[in-house]
Amino acid sequence: MILQNYRKPYMSKVIKTVIITGANTGLGFATAKHLALHKPDWQLVLACRDESKASAAVSDLIRLTGNGNICYVPCNLASLVQVRAFVDAYKQGKFPPLHGIICNAGLSGNDVPEFTEDGIEMTFQVNYLSHFLLVYLLLPDMVKDARIILISSELHRNDGPMRAFRPNYTSAKQLAYPNPADSSRRDSGSQRYSTSKLCMVLYTNMLARRLPLNNFGGIAVNAINPGLMPDTGLGGLNKKLLRKWFLKYVLPLVTRGAVSTPEKSGEIIAKIMWSDEYLGISGKYFDREKPSAASEESHDAQKMKDLWDSSLELLFLSGRLLENAD
Ligand SMILES: NC(=O)c1ccc[n+]([C@@H]2O[C@H](COP(=O)([O-])OP(=O)(O)OC[C@H]3O[C@@H](n4cnc5c(N)ncnc54)[C@H](OP(=O)(O)O)[C@@H]3O)[C@@H](O)[C@H]2O)c1
C-alpha cells in the first residue's frame, strides 16, 4: 500500500479529510491547491492512477501552498478491483474523519469504444460508475455533515447547440455494454462523454433523495459544471471544438461567460467544499458558483431509477445502505 507523502507528524493537527479523484492535473490539481491554501488543518488525499504524476503533484502542491497534509493513494477508476483497493488502503490509513469526496477524474474516449478490465465501456466506468462505487463504499466513513461534489458539465444537456455532443441515455446496461451492431445509437466518443456527465447529474439527484431517507440526512451531494477550460487535458476536446465551430457556437458561449480556467473553477469547487455558505445545500446543480437548473432529463424518474438499480447490479452491491426511496 502506498500512502505517498503521508506525514505522520501532521496527524495531531489535521481534523478532516477530503478525497479528490484525478487531482494530479487540471481542475483536480487546482481544487486541491485552493483547499490546501484555505484549510491547512485538513488532510487531502489525491486519488490518482499514475504514481509518478501523483507524486510530482503532491510535491508541487506542498511547495506551492506550504501545506504538508497532502498525500496520494493509488486509484485507477478503470478497474473496480483497484477502486476497492483504494478504499481498503484509505480505511487502513486511519485518516482524520472524512469530510468530503470530490469526484473529478474524467476522460473523453475515442469514437471506437474502449473497455475496462471489467468489460465495461471506459467513459461510463471512469467518469461515472467507479465514482458511484467509491462514494457507496466510503459513505459509512463520512461525517454527518459531509459533502460530495460530482463534476459534471453543461454538455449533460440534450438541447445543447452541438448535436454531436448531446447525451444519449438509453439504459445504464446499454451504456456499460454498448452493442456496436446497434445502429439506432448515434454513438461517438464525445457523445459517450456527455452521457457520462448526464449520469453524474442523474446520480446526484437520486443520491440527494435517498441520503435523508437512509439516516445520512446531513450529507450533501451536489453536481457542478466547472465551465469550458481549454487548458486542461480534457480541454483537448474543447480545442477540437474551438477549431471546428468557433464562430458559430463557441464565440456565443465565450460572450455568455461559459469559458473558465482550472484556477477559477478550482477555487469555486474548493469553496463549495469548505465554506459554511454551502452548509445544508444538497441536490443542486451549480454552474460554477451559481445554483442553476439542470436539464429536465436529469430529473427523469425512470432514468434515475434505471441508473441507480443497474449501477448496484453492475457493481454487485446489495444496495441495503441506501435502500429506502420515495
Ligand atoms: N476541461 C473542460 O473544459 C471541462 C468542462 C466541463 C467539465 N470538465 C470535467 O472536469 C473534470 C476534470 O477534467 P480536466 O479538464 O481537469 O481534465 P484533465 O486535465 O485531463 O484531468 C483529468 C484527470 O482525470 C484523471 N483520470 C483519467 N482517467 C483516470 C482513471 N482511469 N483513473 C483515475 N484517474 C483518471 C487524469 O489522470 P491522468 O493525468 O493520469 O490521465 C487526470 O488527473 C472532468 O470530470 C471533466 O469531465 C472539464
Per q in 0.17, 0.29, 0.32, 0.33 Å⁻¹, report the Debye log10 I(q)/I(0) for the stretch 275-314, using one uniform scatterer on each alpha carbon and no solvent. -0.64, -0.95, -1.03, -1.06
Can you list residues from other chains, or at least 5 along the same chain, whose modelled amide H is less than 5 Å from the amide H of residue 107? 127
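Go through 91/303; 173/305; 13/91; 271/303; 33/197; 284/305 and tell me which ones have a Cα-Cα distance over 22 Å in this structure. Don't skip to the answer; put the middle values down first.
Details: 91/303 33 Å; 173/305 12 Å; 13/91 19 Å; 271/303 31 Å; 33/197 24 Å; 284/305 18 Å.
The pairs that break the limit, which is 22 Å between Cα atoms, are 91/303; 271/303; 33/197.
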Need the C-alpha centroid separation for the stretch 269-307 versus the stretch 11-69, integer Å. 24
Tell me the Rg and the Dmax, in Å, that the Cα atoms of the stretch 254-326 produce. 16.5, 47
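Calculate how many DSSP beta bridges within the chain are antiparallel, expressed in % of all such bridges and rounded to the nearest 5. If you can, show how the numbers build up before the last one.
Working: 5 of 34 bridges.
Once the DSSP bridges in the chain are tallied, antiparallel ones form about 15 percent.
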Range of Cα positions in the stretch 79-237 per principal axis (Å), largest first: 47, 34, 32
Taking the chain as a Gaussian network, Cα atoms linked when under 10 Å apart, which of 275, 260, 108 shows the biggest mean-square fluctuation? 275
Max mean-square fluctuation residue, GNM over the chain, Cα-Cα springs under 10 Å, options 158, 214, 222: 214
Please report the base-10 log of the normalised intensity I(q)/I(0) for the stretch 141-234, using a Debye sum with one equal scatterer per alpha carbon and no solvent, at each q in 0.15 (1/Å). -0.70
What three numbers, in Å, describe the spread of the alpha carbons of the stretch 57-124 along their principal axes, ordered from the longest? 44, 27, 18
Who wins for biggest fluctuation among 130, 194, 310 in a Gaussian network model of the chain, springs between alpha carbons below 10 Å? 310
Pairs of Cα atoms farther than 28 Å apart, the chain, %: 36
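For n ≥ 4 DSSP H runs only, could you compute -39500 (n - 2.57) per run for the chain, divide by its residues and tell me the 222 nm figure to the nearest 500? Walk me through the numbers on the way to the answer.
On the way: 10 runs with 123 residues, N = 326.
Taking each H run of at least 4 residues, the total per residue is -12000 deg cm²/dmol.
Every number here is computed from the coordinates shown, using simple stated rules; none is lab data. On a predicted model such as this, the values are computed, not experimentally measured, just so you know.
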